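Everything below concerns the one structure shown next.
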Amino acid sequence: MKNFVAIVETTAGYFIGVLALITVTEAVLRYGFGSHIPDGFVVGQMMQGIAICWGIATATYADRQITVDVFYELAGARTRRVFDVLAYTINFLFMALFGYAMTFKVFDILRAGEISNELRIPLWTGYTLASIGILAAVGTAAIRWWQVMFQRQSEFSR
Amino acid sequence: MTEQTLVAILGCVAVLALMAIRVPIAVCLGSVAVAGFGYLVGMEPALGIMIDSPIRTVTNFNFSVVPMFILMGGLVSASGMSRELFRAANAWLGHLPGGMAMATIFACGGFAAINGSSVASAATMTHVALPEMRRAGYDPGLSAGVIAAGGTLGIMIPPSVLFILYAILTDTDVGSLFIAGIVPGTIAILLYCATVQVLYRMKPQWLPRGHRSDSKERWQSLRDVWATVLLFFVVMGGIYGGFVTVTEAAGLGVFGAFVIGFARGRLPWKTVVASLVEALRTSAAIFFILIAAFLFQYFLAVTQMPQLLGDLLAQLPFGPMGIMLVIIAFYIVAGMFVDSLAVVLLTVPIFYPVVVNLGFDPIWFGVIVVVTVEVSLISPPVGMICFVMNNMVPDIGLVNIYRGALPFIAADAVWLALLLAFPELALFLVHRMG
């Protein structure tokens, strides 16, 4: 699983690099040659969306979401267990709702048949890849919930 | 009390309660927002905002400045520019009383000019400056305190991730915020150096003088900082002069950091990939909170919480500046217990309309918010920078790091007072902007 997460993170990281490359190339083309990358803006948006959604998935698995730890660190073992169970359950439920909403959005765009202006790229492709990232986040949230509930693997015991 | 007010108050309490049990901050905000909005308006509209708002946030090209400035910071950190800055500052200042401490602060300020994160600045400078200060016989707690305080400059001197988030939340111009941070950031450097001088007068054995570099060494050390200067002028010069947009400046910053690091043989591909992954991780965490913060704004809008709070604060018999002091006190106290990023994302949408209605400049308020966050980053019990440093150098001890940072919190208080008394310190460059 850790190798899979590393591969996903590296791929999504490259998307951030491509996003930067598109931005620079757009700026150079616009100011230097009065031109632009066809649909560069749309592709950049998609790259960003896909990278962030997959980043959320891997962050969920690796417990890298930003949390307030002060009370957890002061708590005893039993209280920590209660905190863990509640926190990971709420996290999983919210992610499930998020995944449902993203899937709904993809079908919405698919039905509308939206395409980009210049290269006529179907927009559902990018949105689908992004939503798969969020569905993966639902999966990683479920795995973490299972590990915490039944294997007692909280972040601090892993 | 109306139902909306009650739901708003319960919503805020629920967010804090969920944060306390270590639910991720984004999930706290998002789940309360959807539940509260659903209760007041209906579950179908609540689902509607959940369907539309998050995807708009993650695909908003204007927000690409967040991952790009983070990536730029990662690349410059990996290519060793912080070490060059420290070496140059130390060559010029090291022989003075408390010289190495002042050199650290100047190096932190310089590094902040090409890196937007306070925690990253402090972590980088801990690697670079702390061993040198300890070797020179500096008090370990004070050394850590100097780096912690210097690290806070990362979010004041542009480019700053916190300014970007403030701009996104309030729809303020991020370029103006960046420019507004330059003079206050410079004043902070001078105030921190003044603090070092006061400390030297009190405990000279804590900050022994270093050796005096000859003029050849000094000028040679300056030769190495060209990359930092070049990057800063490309990014901030482009924004200040109105030559490029902030997004384009961020892209140019990434490109410049990559080319400089690569050309100098300091960025092997493995390091570039590690920087990309780190940028992704940090950006994903920030975007997730942003997604939730926007959902929470919908909730706040239907509860009319900002208006209610505005009316409530307006009834206080203190006048606008008194109300501002109440808000600042709230930020500082809240930042002592809750992660400062969460405090900003949770409260700026509430306080911003109030502050603007009171007649304060929104850019100036952004600077004030960042100063209060800087204080909370190094103040107990949840000083994020001190926590990170404690993990890196556990032998110094968290209490000693806090003790070392304490004099600089006093400097921050003076700094805050100056900004409150003279808002033009933050605004005059903005008014001259191209």
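The values are calculated or read from the model by the stated rules, or taken from the named source; none is laboratory data. Predicted model only: the values in this text are computed from it and were never measured. Backbone-built Cβ (ideal geometry, glycine too); neighbour counts: all protein chains shown. Heavy atoms of the whole protein, side chains included, go into the accessibility calculation; ligands, DNA and RNA do not. Shrake-Rupley method; radii C 1.70, N 1.55, O 1.52, S 1.80 Å.
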Residues located in the stretch B:207-221, provided they are open to solvent by less than 70 Å² (accessible area, probe 1.4 Å) and in a helix (DSSP H, G or I): B:Arg218, B:Ser221
Residue identified as free of Cβ contacts under 8 Å to residues at least 60 places away in the same chain, more than 9 Å from chain A (Cβ to nearest Cβ) and surrounded by fewer than 24 Cβ atoms within 10 Å (Cβ to Cβ) among B:Pro45, B:Pro97: B:Pro45
Leading residue by the ranking (farthest from the other protein chains (Cβ to nearest Cβ)) among those in the stretch A:22-39 that are surrounded by fewer than 19 Cβ atoms within 10 Å (Cβ to Cβ) and in a helix (DSSP H, G or I): A:Phe33
Index of the failed condition, A:Gln45 passing every other in (1) touching a Gly at 6+ places or on another chain (Cβ under 6 Å); (2) farther than 29 Å from B:Phe337 by Cα; (3) not hydroxyl-bearing (Ser, Thr, Tyr): (1)
Filter pass, B:Ala14 being more than 10 Å from chain A (Cβ to nearest Cβ), under 19 Å from the mean Cα position of the chain (by Cα) and not hydroxyl-bearing (Ser, Thr, Tyr): no
Matching entry among B:Leu418, B:Leu425 (being open to solvent by less than 50 Å² (accessible area, probe 1.4 Å) and out of contact with any Gly (no Cβ under 7 Å at 6 or more places or on another chain)): B:Leu425
Options B:Val354, B:Val344, B:Val348, B:Val367; residue that is touching a Leu at 6+ places or on another chain (Cβ under 8 Å), closer than 30 Å to B:Phe258 by Cα and either open to solvent by less than 10 Å² (accessible area, probe 1.4 Å) or aromatic (Phe, Trp, Tyr) (or both): B:Val367
Matching residues, the stretch B:13-37, being open to solvent by 10 Å² or more (accessible area, probe 1.4 Å) and free of Cβ contacts under 8 Å to residues at least 40 places away in the same chain: B:Val13, B:Ala14, B:Ala17, B:Leu18, B:Ala20, B:Ile21, B:Arg22, B:Ser31, B:Ala35
Residue match in the stretch B:141-150 (condition: aliphatic (A, V, I, L, M), within 29 Å of B:Phe294 (Cα to Cα) and in contact with a Gly (Cβ under 6 Å, 6 or more places away or on another chain)): no
Single match in B:Gly116, B:Gly141, B:Gly80, B:Gly137 (criterion: at pLDDT below 90 and surrounded by fewer than 24 Cβ atoms within 10 Å (Cβ to Cβ)): B:Gly80
Subset of the stretch B:175-206 (residues that are closer than 28 Å to B:Phe422 by Cβ, surrounded by fewer than 19 Cβ atoms within 10 Å (Cβ to Cβ) and among the polar types (S, T, N, Q)): B:Thr186, B:Gln197
Matching residues, the stretch B:235-244, being crowded, with 19+ Cβ neighbours inside 10 Å and either touching a Cys at 6+ places or on another chain (Cβ under 9 Å) or more than 8 Å from every other protein chain (Cβ to nearest Cβ) (or both): B:Val235, B:Met236, B:Gly238, B:Ile239, B:Tyr240
Condition met for A:Ala96 (modelled with pLDDT of 95 or more, farther than 29 Å from A:Met46 by Cα and hydrophobic (A, V, I, L, M, F, W, C)): no
Qualifying position, being free of Cβ contacts under 8 Å to residues at least 60 places away in the same chain, of a type outside the set (Lys, Arg) and not in a helix (DSSP H, G or I), among B:Gly154, B:Gly116, B:Gly137: B:Gly116
Odd one out for B:Ala334, checked against (1) assigned to a helix (DSSP H, G or I); (2) small (Gly, Ala, Ser); (3) modelled with pLDDT of 90 or more: (3)
Odd one out for B:Tyr298, checked against (1) in a loop (DSSP other than H, G, I, E, B); (2) open to solvent by 10 Å² or more (accessible area, probe 1.4 Å): (1)
Residues of the stretch B:217-270 classified as among the polar types (S, T, N, Q) and closer than 21 Å to B:Gly116 by Cβ, total: 3
Any hit, the stretch A:108-130, residues being closer than 29 Å to B:Val344 by Cα and more than 9 Å from chain B (Cβ to nearest Cβ): no
Count - residues of the stretch B:343-373 that are without any contact (Cβ under 8 Å) to a residue 60 or more places away in the chain, touching a Gly at 6+ places or on another chain (Cβ under 7 Å) and among the β-branched types (Val, Ile, Thr): 3
First in the stretch B:321-342 and closer than 14 Å to B:Ala417 by Cβ, second anywhere and crowded, with 19+ Cβ neighbours inside 10 Å, Cβ under 6 Å, 6 or more apart: B:Ile328/B:Thr372; B:Ile332/B:Thr372; B:Ile332/B:Val375
Cross-chain or 6+ apart pairs with Cβ under 9 Å, the stretch A:7-20 first and more than 7 Å from chain B (Cβ to nearest Cβ), then open to solvent by 10 Å² or more (accessible area, probe 1.4 Å) and among the small types (Gly, Ala, Ser): A:Val8/A:Ala136
